[in-house]
1. Tally time: how many residues in region 180-198 are within 16 Å of the ligand (Cβ to nearest atom) and of a type in the set (Gly, Ala, Ser)?
2. Would you point out which residue out of LEU17, LEU26 is open to solvent by less than 40 Å² (accessible area, probe 1.4 Å) and modelled with pLDDT under 95?
3. Taking the criterion of being out of contact with any Pro (no Cβ under 7 Å at 6 or more places or on another chain), open to solvent by less than 10 Å² (accessible area, probe 1.4 Å), at pLDDT 95 or above and among the charged types (D, E, K, R), would at least one residue in region 202-212 satisfy it?
4. Kindly evaluate SER84 against the criterion of being within 14 Å of the ligand (Cβ to nearest atom), among the hydroxyl-bearing types (Ser, Thr, Tyr), under 27 Å from ILE283 (Cα atoms) and open to solvent by 10 Å² or more (accessible area, probe 1.4 Å).
5. Does region 215-222 contain at least one residue that is closer than 22 Å to THR91 by Cα, at pLDDT 95 or above and either open to solvent by 20 Å² or more (accessible area, probe 1.4 Å) or acidic (Asp, Glu) (or both)?
6. Just checking, how many residues over region 220-240 are over 23 Å from VAL37 (Cα atoms) and not in a loop (DSSP other than H, G, I, E, B)?
7. Condition check: in contact with an Asp or Glu (Cβ under 9 Å, 6 or more places away or on another chain) and not in a loop (DSSP other than H, G, I, E, B). Does ILE244 satisfy that?
8. Which count do you get for residues in region 161-195 that are part of a loop (DSSP other than H, G, I, E, B), under 19 Å from the mean Cα position of the chain (by Cα) and either among the acidic types (Asp, Glu) or over 21 Å from ALA60 (Cβ atoms) (or both)?
Amino acid sequence: MDTSFQASPLIIPEYILSSSGRTMPLLGFGTAVSPPVGPQVTKAAILEAIELGYRHFDTACLYGTEQPLGEAIVEAVSVGLIKSREELFITSKLWCSDAHGELVLPALHRSLENLMLEYLDLYLIHWPVSSKHGIYEFPIKQEDFLAMDFKAVWKAMEDCQRLGLTKSIGVSNFSCKKLADILAFAEIPPAVNQVELNPLWQQKKLREFCKANGILLTAYAPLGAQGTIWGSNRVLECEVLKKIAKEKGKTVAQICLRWGFEQGISILVKSFNRERMKSNLEIFNWSLSPDEVRMIDDIPQTRLCCGECYISEYGPFKTIDELWDGEI
Ligand code: NAP
């Protein structure tokens, strides 16, 4: 077993991030909600998650969940669910319209203000593309896309880490090629690349690349993001996974999450339903057999979250193939 893995008192194993030495719980709680729910519902779900033992929370400027997450943290401390914010690992992300060298630091300050925190544990570039400053829109208008100045943006991300405003920095939705471009000039290499990863899109090439370069790969949509505008039910309805789950007396979701954990990646899963939040945590005291792992390995591969809304005839990526540098 990799020596950088440590047992946590909360049972969720942790990983020591390469560029900062900070530990990240390997199973985290997602807060991207689709269709949207109100901030009170989000805050209540996060408090329940803290109560159940989640300690790693993923948000983004785009999700509109920084504020309810911040409020939930304050309340969790005040009612004694946790002693202090130090017990949590908080990730947020830089939105495309702030992905310009001079706008990174102000954007991080705004996120910290929303979260009522002095520092983040991890700050990520959300997508490898910029859009016109000052225009917060989703989806981004075709004509508002711009190529990102990776050097300027990454340097500003490094400054954020040096200033102590975030303990680690990383990227999201980056291909091997784009990671290699960043690594070519980075003084602080990305600690994490957060991407879609599940049994139907296993990202074998990216996993190898990240492992070789000390970058922790983090899975979003580990269950295929069923019910959201970016996901589908194909993972939870996969016959191979259903068969394994039935024979093992587990849920398909637990099979997906356990498989991800056994691949040596970290995982973010979102559920605002107490029973599902709880069962999604119950993956650390059993394992998949070599035959089950082989069956999952053989599942035909399809990217579910293709990022169509980041393709534009005016922007740097005119096709899905260009966005992912052929990794589709
Ligand atoms: P996901 O965790 O694969 O799926 C979430 C969906 O699955 C929700 O609709 C949830 O509904 C349902 N669900 C959760 N547990 C379940 C279970 N045990 N059985 C059946 N259904 C279950 O997808 P995701 O939310 O897209 O990904 C997780 C997190 O990754 C996000 O919340 C976000 O923080 C992050 N993310 C990042 C990016 C990026 O570009 N970096 C993109 C997408 C997501 P209920 O709430 O009703 O349980």
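1. 1
2. Numbers: LEU26 fails: modelled with pLDDT under 95.
Just one listed residue meets the conditions, LEU17.
3. Applying the first criterion (out of contact with any Pro (no Cβ under 7 Å at 6 or more places or on another chain)) to region 202-212 yields 202-212.
From the residues that got through so far, the ones that are open to solvent by less than 10 Å² (accessible area, probe 1.4 Å) too are 202, 206, 210.
Then keep just the ones that are at pLDDT 95 or above; that gives 202, 206, 210.
Within this subset, residues satisfying the condition of being among the charged types (D, E, K, R) are none.
The answer is no, given that none of the residues of region 202-212 is out of contact with any Pro (no Cβ under 7 Å at 6 or more places or on another chain), open to solvent by less than 10 Å² (accessible area, probe 1.4 Å), at pLDDT 95 or above and among the charged types (D, E, K, R).
4. Details: within 14 Å of the ligand (Cβ to nearest atom): no; among the hydroxyl-bearing types (Ser, Thr, Tyr): yes; under 27 Å from ILE283 (Cα atoms): yes; open to solvent by 10 Å² or more (accessible area, probe 1.4 Å): yes.
Against the criterion (within 14 Å of the ligand (Cβ to nearest atom), among the hydroxyl-bearing types (Ser, Thr, Tyr), under 27 Å from ILE283 (Cα atoms) and open to solvent by 10 Å² or more (accessible area, probe 1.4 Å)), SER84 does not qualify.
5. Step one: of region 215-222, the residues closer than 22 Å to THR91 by Cα are 215-222.
Applying the additional criterion that residues be at pLDDT 95 or above yields 215-222.
Next, from what is left, pick out any that are either open to solvent by 20 Å² or more (accessible area, probe 1.4 Å) or acidic (Asp, Glu) (or both): 220.
Within region 215-222 (the criterion being closer than 22 Å to THR91 by Cα, at pLDDT 95 or above and either open to solvent by 20 Å² or more (accessible area, probe 1.4 Å) or acidic (Asp, Glu) (or both)), the answer is yes, since at least one residue qualifies.
6. 2
7. Values: in contact with an Asp or Glu (Cβ under 9 Å, 6 or more places away or on another chain): yes; not in a loop (DSSP other than H, G, I, E, B): yes.
Yes: the conditions hold for ILE244.
8. Residues flagged as part of a loop (DSSP other than H, G, I, E, B), under 19 Å from the mean Cα position of the chain (by Cα) and either among the acidic types (Asp, Glu) or over 21 Å from ALA60 (Cβ atoms) (or both) within region 161-195 amount to 1.
The values are calculated or read from the model by the stated rules, or taken from the named source; none is laboratory data. Fair warning: this is a prediction, and the values are worked out from it, not measured in the lab. Neighbour counts are summed over all protein chains in view; Cβ atoms, including those assigned to glycine, are modelled from backbone coordinates with ideal geometry. We work out accessible area using only protein heavy atoms, side chains counted, and drop any ligands, DNA or RNA first. Shrake-Rupley method; radii C 1.70, N 1.55, O 1.52, S 1.80 Å.
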